[in-house]
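Colleague: To start, I am sharing the structure in question, which I have written as structure tokens.
Please treat every number below as a calculation from the coordinates, not as lab data. Worth saying up front: this structure is predicted, and the values here are computed from it rather than measured. Please note: Cβ atoms are built from the backbone with ideal geometry, for glycine as well, and neighbour counts cover all protein chains shown.
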Amino acid sequence: MNRRKFIQSSAALSAIGAAPFVPFSISTADAGTITPSADESGYRALVCLFLFGGNDSHNMIVPFQTSEYNSYAASRNGQAAGNGLALPLASLLPISPTGLGSSSLGFHPAMPSMQALFADAAKPLAIVANTGPLLSETTLSQYQTSNVELPPQLFSHSDMQMHWQSMRPDQPAVTGWGGRIADVFRVASSGRLPVSIGLGGGGIFMKGDIATPYQVMPVRYASGAIDPRTRIARTPVAEINWNWTGSKPQDVFINDYSSARANLLEQQYGRLTKGSLEIGEFVGNAMYAENAGNYSLRNAVPWSSAAGVLNNPLAAQLHAVAAMIAARQALGTTRQVFFVSLGGFDNHGDQFGNVNNTKSLLAGKHYSLLSLVDQALKTFYDATVSMGVSNLVTTMTMSDFGRTLKSNGQGSDHGWGSHQLVLGGAVNGGRVYGDFPFAAKLPLIDIGQGRLLPEIAADVYTARLAQWFGANSTELATIFPNLSRFPSHLPKVASLMKS
Amino acid sequence: MTRFALGMRGPTLYERVGSVAGVANSESNVGTTLARLDVDKDGLFTTIDATVLARYMAGFRNAALVRGLSIENNVAPPNAASITSYIEGGCVLSTPSFTAKQAAARLLQQGTWGASNAEITAAANRTPNEWITDQFTKSRSLYTPYAEALIAQNKVSGNPRCDQLDSGCPWAVHGPMFYKMALEGQDQLRQRVTNALLQTLVVSIGNNVLLDSGTGVASYLDTISKRVFEDPSAEVGVDGVSRTTGSFRKLLRDITLHPAMGVYLDMLGSSFEVPNENFARELLQLFSIGTVMLNNDGTAKLDGAGKTIPTYDEPAVQGFSKAFTGWHFANQPMSTEPWRFYWPIARWTEPMTPWTGRRCPQDGRWPQGTTDATCPAGSPTGCWCKVTGTHAALSYPPPHNTDSKSLLQYANAPFATLPAGQSPQQDLEQAIDNVFNHPNVGPFIVRQLIQRMVTSNPTPAYVNDIANVFNNNGSNQRGDIKSVVRAILLHSEARSATAAAQISFGKLREPIIKFLQLHRAFGATASSGYYDIWDIGGVENVGQSPLKAPSVFNYYHPDFAPSGAMSYGASPLQGPEFEIASASSVAGFADFMKWGITGGFNRGRTNGDHIAPNHAPYLSGATPLADNPTALVNDLDLLLTANNLKPGFKANLIAMAGGITRSDINEQRQQRLYAVLWQIVQSADYAIQR
């Protein structure tokens, strides 16, 4: 269906007064019970983890039963020994998703914690299979005959990242879905701290029409403790012994920001700095107790002090997230969207490593990155459990695209559909949502080189999380303007969350 | 003077004329007074100036002074009369007006890493065109030799900067190299343009292989800076074919074959079986044409349905990927040492060359170079790769893909299809011809150059004018970067105060440029010549690290449009540099600056490494500026912002400085200077370059 046809048919729908668009309906059996503690006032936090560069998720979750594994291995050109990208069967960490059979899939060997969480009695971890950027439900033959509207510049990093962040790929990216959520929920914050908070890029994701995101830095460690120079909130203070007369020295240039000026770039920078100072002071006071020039968190965060965690750049971001969640009452907020990220997944040429002088996938860039993800997600989830907020915090992943199943001898190239992880106490975990691309499925969705046609639009997957966050149907239609284009995708993720 | 104008230096300058002892003096005297001796005011001291001066000394005056020279028929100054009166006045440069200095300060903000008061005054005595012409002649700062010298020094036992004598700490040379050239080099415009192009044609020491190479990125910088001011000329390509082109085509080819790019985007080692698409895709998307068809003014073309039109599709990416197969570090001895595929001799300063040797048989093991007689012949799985012996029979095709390739299809496109069976060199040069001649290249590249130097939101008319120069430099040459740079800086939108007063004009200064400007404005250099600055890219520091873009998408996207004041109206304003400006970076930069301001940056291991600013005019002498708050604020306003501080803010600064009193007058002067500097550096009026 081309764009014009789509517009005609949707106009027709509204003309006959169709029932209001209800994106997701959860069966009673899947609706869980979540009882927030009384003082939380329905607090919820959505933590969005972007894996920049295009995570090879076809190696993150792999068919484990022999015939399916063999088909997977063939699609990846065999084992590393032959320059293929198939992980060794024996290295995989098997899981048994509901409905797919015992040990039907395996996690990447670098992700033992994800294997454990998937099997955990609380079932906090779910997999969303083969999701990706689309503009309408698309079949292989539609793709091959160009008889369908497609996202612009498929397989380009920047365009696919933009799609995942904006969910408005057919328009210039002015705002992101995180920012539009923040617009909807702006009353949920005290008005001083924005709903959307970024720790690792995501400039587009967090931009709203109204909301301006607050960008903070990840926590870093010095001598085993949080380095005070990396405290989340900073205010520039003139510590030099200048003989200021009257008020604080920064008031001079703050007043300058407040004065009218015509140039829009100067206005922009002035407001950024004024906001930085004001929010910085507010957040700093809410979160830290200053003690002899040093800073300690007012609300302790139970955090692993393992050396690996302290050196994990993703864990450093999630530590800051946990600290802000711990301080939610002082910060006066009941809804927060966090953007964290890890880069380096564009493994065209460095997917293999060297184990005992042998080319191997049990080392190398992708292996290292998934280790970081595994450790950071586990550490963060454990912290939310310890803090008693695991039911109120959901972490979800995004990435530019999946990669080609076909190996290029050194790694993989840009693909399309990919698998994502969703983690938290409000998740109906232990399951795979959507159709996992097993052998029988592949010929129906492989557009070439092992690039997989997504069968769940990224819009649908992310909108389900926004619904959990509290957006109603009307708000979802505002935040995700293309959502109604994917009626048959919606049921696939309806049960992803318990509410 | 005539000899100097002809380019002679050293003893030849003085030979048979005077004493050897006078050589150094005469060279430096002429060199430092070139602006005064430029009597025809064309921005250069040439044989014409020398001839005029020699004629004057011989007694010629007025018309006879210039007869037969190219200035003879000038009606506006300079002409014979004005030159005569200028010489008779003692070749004294006039004290430029405040307006002239403000205009010069603006030009230098756009075309240098930052300028001192003396440099602003000198530029104010020339037209912008003269200043640009003069910059074209400045000798080129070379990154690679300095990086190599540093690594060599680091290998000497007892050196203070590296504890790994075998390697010489190649990963540690990038900061010292970059800052040395930026703070000491005279070729400021060339460096600024080189850096602007590096931010489009990105490689980065964020890649560990390039970081550890020490010279990979250095050589890449030299590759760009060599081309940027090169006039169009004939050149024999790697395919043996001579082409006469502008410098941008040569640059596109050079970066394609540069091993730093080869490693960064995986073209190095890409082979026929599965051509790596990484470089091919980014060459199209980021380095040349972008993803949508553009009008010559940089706006997107729309089809009948009002939608943008893609510039290329996946088959074109695959066509370029195949065309770029079969290259490796220069001159790898592949056929005799096949393990060089994995452990190459990394020649970072030489262009890649085709490799013709056999790839190691794909037995999945790291190849080794010894014979193993026990290895079963013909088995690719039981053996390590062998150099000699029976495994020579395991032949693999050469790594270059010799299929026919479909490239970019557009009107009059050269080499829209590459025929089968061509050499890697033929495919490569022809693929570059195909992309270089695409009509998008001009608007796509010049708009980003304008954004890096002048303004984030150039009008379509500005882009159109400069793209016209890119398309044809006036001599029917395409891609002449030198002409493009001159046109960008001389355009009325860059120069006129009216354009600068538009509410959408200007750009956010990059953190690196703020950092460099605050050194250069006060002539801060390290007396040791060693700039001990490593990575200050954290948001608690400067917030951007040179040569270390986080990805091939640079530090920021050229079309990033922040929400807020700039998103008013139908079309939001773009502000690429705002993508790395956050609450944390603003506060971190403010904290970081306060100590740099007070004593110069990086106090280093030794006093010689201290990058000390010269604050003398403010603190000492007969009339220290710090004793006069109004003069102090006015001076710093011109020096740092080209007079962009708003009157109310200046009044507050003057009052604040006057309120700082100390019994020790020296302490009072110092603290007034530091306080005013600290305030200006935080201000929006400083942050936005207009």
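Colleague: Please arrange B:Arg478, A:Arg328 by counting, for each residue, the other beta carbons lying within 10 Å of its beta carbon, fewest first. Intermediate values should be presented prior to the final figure.
Modeller: Numbers: B:Arg478 18, A:Arg328 21.
Result, fewest neighbours first: B:Arg478, A:Arg328.
Colleague: Which of A:Phe338, A:Phe345 has the fewest other C-beta atoms within 10 Å, and how do the rest follow up to the most?
Modeller: A:Phe345, A:Phe338
Colleague: Gap in Å between the Cα centre of the stretch A:347-414 and the Cα centre of the stretch B:484-519?
Modeller: Here the two parts' Cα centres lie 43 Å apart.
Colleague: Could you tell me the distance between the Cα centroids of the stretch A:51-75 and the stretch A:262-336, to the nearest Å?
Modeller: 38
Colleague: What order do you get for A:402-412, A:117-127 when each peptide is scored by the mean count of other beta carbon atoms within 10 Å, highest first? Before the final figure, lay out each step's value.
Modeller: Working: A:402-412: 25.7, A:117-127: 20.0.
Per-residue mean Cβ counts within 10 Å order the peptides as A:402-412, A:117-127.
Colleague: OK, next. Can you sort B:Ile536, A:Ile181, A:Ile325 by how many other beta carbons sit within 10 Å, fewest first?
Modeller: Numbers: B:Ile536 20, A:Ile181 30, A:Ile325 24.
Ranked by crowding around the Cβ, least crowded first: B:Ile536, A:Ile325, A:Ile181.
Colleague: Could you name the lysines whose alpha carbon sits less than 26 Å from that of A:Lys406, not counting residues in the same chain fewer than 8 places away?
Modeller: A:Lys359, A:Lys365, A:Lys441, B:Lys322, B:Lys405
Colleague: So, one more: Amide H neighbours of B:Glu230 under 5 Å, counting only residues 5+ apart in sequence or on other chains, H built in-plane at 1.01 Å?
Modeller: So B:Glu230 has HN proximity to B:Lys482.
Colleague: Continuing with the same structure: For chain B, compute Rh as the Kirkwood radius over C-alpha pairs and then the Stokes-Einstein diffusion coefficient at 4 °C and 1.567 mPa s; write the answer in µm²/s, rounded to an integer.
Modeller: Values: Rh = 28.1 Å.
Result for D is 46 µm²/s.
Colleague: Per-residue Cβ counts within 10 Å, from other chains only, averaged over B:275-287: what number is that?
Modeller: Values: counts 3, 8, 7, 9, 1, 0, 7, 3, 0, 1, 5, 3, 0.
For peptide B:275-287, the averaged partner shielding equals 4.
Colleague: Averaged across B:574-583, how many Cβ atoms of other chains sit within 10 Å of each residue's Cβ atom?
Modeller: Working: counts 0, 4, 0, 2, 5, 3, 3, 7, 11, 22.
Mean partner-chain Cβ count within 10 Å for B:574-583: 6.
Colleague: Same structure, new question: Straight-line reach from B:Lys514: which lysines have a Cα under 22 Å away, not including same-chain ones fewer than 8 places off?
Modeller: A:Lys274, B:Lys101, B:Lys180, B:Lys548, B:Lys594, B:Lys646, B:Lys650
Colleague: Further, regarding this structure: Roughly how far apart, in whole Å, are the Cα centres of the stretch A:119-156 and the stretch B:167-182?
Modeller: Cα centroid to Cα centroid, the span is 45 Å.
Colleague: Shielding by partners for A:352-360, please: the mean number of other protein chain Cβ atoms within 10 Å of each residue's Cβ.
Modeller: Numbers: counts 1, 0, 2, 0, 2, 5, 5, 6, 3.
Averaged over the peptide's residues, the number is 3.
Colleague: Among the aspartates and glutamates, select those whose C-alpha is under 17 Å from the C-alpha of A:Lys378, and discard any that sit fewer than 8 residues away in the same chain.
Modeller: A:Asp120
Colleague: Would you calculate a helix-derived [θ] at 222 nm for chain B, using -39,500 (n - 2.57) for each DSSP H run of n ≥ 4 and dividing by the full residue count, to the nearest 500?
Modeller: Details: 32 runs with 302 residues, N = 690.
For chain B, the value works out to -12500 deg cm²/dmol.
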